[in-house]
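The values are calculated or read from the model by the stated rules, or taken from the named source; none is laboratory data. For clarity, every value in this text was computed on a predicted model and none was experimentally measured. FYI the Cβ positions are ideal-geometry reconstructions off the backbone, even for glycines, and counts take in every protein chain you see. Accessible surface is based on the protein model in full, side chains and every heavy atom, while ligands, DNA and RNA are left aside. Shrake-Rupley method; radii C 1.70, N 1.55, O 1.52, S 1.80 Å.
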Amino acid sequence: MANFEMKPCQETTSVYFNNIIRDDVSPVSVDSLPQETVDNFNRQVMLAFGPDGEATVRRIHYLVPYILQSIDWDEYGIPLKAWQLQYYYRRDRFIDKTGLDYEKFLDHEPLQRSISALGLDPEPTFEFILFLKYYFGMRSELRHSALEQLSMACDALKDLPDGKTASMDIKVGSKHFVISNTGFVRDALLSIDRERLRSGAFVNDFSEGSARDKIRAIDYYMIKTLLDYLPVNIRTARTGMYTQDERNFCLSVLSLCGRLPDTERDIVCSRDNNITFDRLMREFRGVRIPFAMELFL
């Protein structure tokens, strides 16, 4: 049985996001929602996107319950409105930032086969993948801690090209003076007590190590969310918790998103690579998954 390892993990911080974890809701598919709820949602979509409203309704059909559940709108006393949908669903930005597009999606034959086997519609399935890839992907961008930024600044000062000088602009009360001496500026930065900085208030905002998400966790967030919210039609016998079609689908999504080798797709995205899927699901079993979206009210 083949084992195609995922790319090396990169430490990331999730502090820049509201980690929206709701204990009062369980994942549902759009097919499980009352038609009135879907109709009300679609009316806001039509208002938000005007001439593109019908196309947008079709594209984000599978996302309806996910967006509705992501935030407790009643708690904040602000119902989901058109202007909020305009903020949350920025398709051009999603495509630009993720590098995904519908043509690449359609050209991924193992993914298309698994979508068909699960009874899914390709277009809203792509939009759900795109949506999660963008929002969860933002969590996977490396952000440096305060200590890392300090070290980078010191290294940059050490390697300044000839003719370049660093300056320090200092203001103390009403006094203001500038020191244009690279060596002095670097020595001043090096003299900062790193231990005090490490234990200070900034640590929570620029977290290090254990407080950071890993890209491997993002992989799990993505595929488990898709399995939980897509209206999957189980047509084949389950092998353990998931059918082979579900496994193939998840492996194909990771392949599309560049998290598995983009060679020999028929092997990478098949039962020959079940070990990769099973290991990921086993490693994060029971982990609470935050909603991908930012809190924006």
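A few comments on the model shown:
- Residue check, Leu111 under 21 Å from the mean Cα position of the chain (by Cα) and not in a helix (DSSP H, G or I): no
- Count of region 78-127 residues which are farther than 27 Å from Asn248 by Cβ and crowded, with 18+ Cβ neighbours inside 10 Å: 4
- Selection from region 74-131 of residues that are in contact with a Lys or Arg (Cβ under 8 Å, 6 or more places away or on another chain) and of a type in the set (S, T, N, Q): Thr98
Per-residue answers, yes or no, for (1) open to solvent by 30 Å² or more (accessible area, probe 1.4 Å); (2) at pLDDT below 75; (3) touching a His at 6+ places or on another chain (Cβ under 8 Å):
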residue: Ile129; (1), (2), (3): no, no, no
residue: Gly137; (1), (2), (3): no, no, no
residue: Glu141; (1), (2), (3): yes, yes, no
residue: Ala146; (1), (2), (3): no, yes, no
residue: Lys164; (1), (2), (3): yes, no, no
residue: Ser174; (1), (2), (3): yes, no, no
residue: Gly183; (1), (2), (3): yes, no, no
residue: Asp219; (1), (2), (3): no, no, no
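- Per-region count, region 243-271, residues within 23 Å of Asn233 (Cα to Cα), among the acidic types (Asp, Glu) and open to solvent by 20 Å² or more (accessible area, probe 1.4 Å): 2
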